[in-house]
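The values are calculated or read from the model by the stated rules, or taken from the named source; none is laboratory data. These numbers were taken from a predicted model, which means no experiment stands behind them. Here Cβ is always computed from backbone atoms with ideal geometry, including for glycine, and neighbour counts include all displayed protein chains. Side chains are part of the model used for accessible areas, which takes the heavy atoms of the whole protein and leaves out ligands, DNA and RNA. Shrake-Rupley method; radii C 1.70, N 1.55, O 1.52, S 1.80 Å.
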Amino acid sequence: MLLARLRWSAFGLRGRIVGAVLATTAISLGVAALVLLPRLETVLKNASKASLTKAIEGNRGDLNSLSRIRYTLIPLTAIVPPKHNDLGRQAALAASKLANWEKQIRARLAAQNLTVCAPVDAQGYCNPVGQQDPAELADIAASRPFDDRHLAFVAPHHFYVSFSAGGGTVRAAIYIRSADAIVFVRSSLDEVGGAVAAVRRAFEIAAAVAIVLTLLVAIPLAGRLVRRLQRLRQAALQLAIGGKSAGFPADRARDEVGDLARSFSIMQRRLRQQEEARRAFVATASHELRTPLASLEGMLELLADDLHGDEPDLEDASALLDRARVQSRRLARLAADLLDLSRIDAEVALRSEPIELGELGRAVLAEFDLPSAARGVAITLSDEGRPTWALADPGSVARILRILLDNALRVAPEGSQIRVFVRSTPDPTLVVSDEGPGVAQEERALIFERFKRGRATGGEAGFGLGLAIGRELAQRMGGSLVLNDSDGPGATFTLRLQAAESPSTDRLPSAAGV
Ligand SMILES: Nc1ncnc2c1ncn2[C@@H]1O[C@H](COP(=O)(O)OP(=O)(O)O)[C@@H](O)[C@H]1O
Ligand SMILES: [Mg+2]
């Protein structure tokens, strides 16, 4: 079995396709011939039988007229006339009637052999009468007793038709009760054999032509298919060893291999884009890391100078320490953002559970009490007075709200308000609106990209990762994060989530752990 499979696979795709097509053609032709030829023979034989039956049925009238002749009871030798003898005259009349009848029926039946037996004895032996063909008489003599004639007589069937034992003839025997005679008709089936042989020959020629045509079509077709697949394989191998610029061969054919080639080139384009994005990301991330690290290092050196001098400058050292703290906080935030992005890129699964947006919003807002008070900005939350349930990952929703509040707080002027709205229709949404400078028209799309910052930074420069993280998290939860079209001063961001059925009260999730 294994050996057979090995041998089969050694032929390659081309050999296998040609072999399979050839085998299919040969097998189907062979099966068709095996099924068709015997059937054809049977059908033709039955047709001969039917036509013989019809011919005899159509001549029943003539056959019945035999009964009136009653000639068959008189031996042939007895009808040599003395003309004046009544019996002789009657016999002569009967003989001529019979001769006429035989001629007519011979012409109508178009059968090769016609025998009238009269009478037929109980053993089925026929006493032929009339002008019998000498060869026919010899045949009758040789094949005694005549089984079907016997059957027709003894049964007695009125009509009996059958094929001869060798299948060479179809025979009919009709018993004419009143005349106690049997008419026996035979028709040769040689023509049937000839017709079948002719069809078989035609079949053989057709099979040879079909196989040659199949080969002529299958070999180039399989060759073309294999060449196209080989080109694809070559391109895939080049891609695997790092030749990304190689490109997949253009295959414009509208078939499966063409589709495969097109899918490969889409895959290659995507891989190239991903690779470029990854490189840009790593380059930007390392650049962003280097700047605060360099300034941190500079500050620490200055700090060392301040402290290790003959007269330590504590005032300057304390200012440097504060600035160093700010830088290290920025670095910590960058590290957290990069970690978030790597989780998003690795498609780490998010939770999907019912969360109550009002409760979650209030918990996150509480974290901003101190920084908002320090900046003299009020943050308020208003909901619809009833729970708003969303199906989402609580940690991610809290993260997005923090990003939005952080940005808003950075740009909000002193004494202004940041408003958070919780809405339940048409979808559960969180809206964060501030009274800052808003986002310039040309920056609206840009600010959601990684490492892209706008002009309004509120003094303290971030890394441009917050909104990118927020949008990707929202999309991963089946929602969206958009900047509303501004119809006034300030910016309004809307986080839209998927609705959840309100869960039974005994398993209300708390805002803990967000
Ligand atoms: N509430 C806002 N008002 C005005 N501009 C904003 C607001 N939120 C974000 N932006 C703009 O979008 C840019 C990208 O924001 P973000 O992705 O959070 O990065 P970062 O906060 O690090 O700058 C910001 O640099 C800022 O220009
Ligand atoms: Mg931000």
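Conditions (1) surrounded by 14 or more Cβ atoms within 10 Å (Cβ to Cβ); (2) over 18 Å from Arg14 (Cα atoms); (3) of a type outside the set (Phe, Trp, Tyr), marked per residue:
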{"residue": "Val212", "(1), (2), (3)": "no, no, yes"}
{"residue": "Leu225", "(1), (2), (3)": "yes, no, yes"}
{"residue": "Asp255", "(1), (2), (3)": "no, no, yes"}
{"residue": "Glu275", "(1), (2), (3)": "no, yes, yes"}
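What number goes with the only condition from (1) touching a residue at least 40 places away in the same chain (Cβ under 8 Å); (2) within 16 Å of ligand 2 (Cβ to nearest atom); (3) open to solvent by 70 Å² or more (accessible area, probe 1.4 Å) that Ile418 does not pass?
With respect to (1) touching a residue at least 40 places away in the same chain (Cβ under 8 Å); (2) within 16 Å of ligand 2 (Cβ to nearest atom); (3) open to solvent by 70 Å² or more (accessible area, probe 1.4 Å), Ile418 is out only on (3).
In region 464-475, which residue that is open to solvent by 10 Å² or more (accessible area, probe 1.4 Å) and touching a helix residue (DSSP H, G or I) at 6+ places or on another chain (Cβ under 8 Å) is nearest to ligand 2 (Cβ to nearest atom)? Spell out how you get there, then give the answer.
Restricting attention to region 464-475, the residues satisfying the condition of being open to solvent by 10 Å² or more (accessible area, probe 1.4 Å) are 464, 466-467, 471-473, 475.
Narrowing the set further to residues that are touching a helix residue (DSSP H, G or I) at 6+ places or on another chain (Cβ under 8 Å) leaves 464, 466-467, 471-473.
Working: Gly464: 7, Gly466: 3, Leu467: 6, Arg471: 12, Glu472: 14, Leu473: 14 Å.
Among those that are open to solvent by 10 Å² or more (accessible area, probe 1.4 Å) and touching a helix residue (DSSP H, G or I) at 6+ places or on another chain (Cβ under 8 Å), it is Gly466.
In region 421-439, which residue that is open to solvent by less than 30 Å² (accessible area, probe 1.4 Å) and modelled with pLDDT under 95 is nearest to Asp485 (Cα to Cα)? Even if it seems obvious, please write down each step before you answer.
If we filter region 421-439 for residues that are open to solvent by less than 30 Å² (accessible area, probe 1.4 Å), which is where we start, we get 422, 424, 428-434, 436, 438.
Still in the running and modelled with pLDDT under 95: 424, 436, 438.
Working: Ser424: 20, Gly436: 15, Gly438: 10 Å.
Looking at the filtered set, the residue picked out is Gly438.
Residues of region 483-505 being more than 16 Å from ligand 2 (Cβ to nearest atom) and under 17 Å from Arg402 (Cα atoms), which ones?
Thr494, Arg496, Leu497
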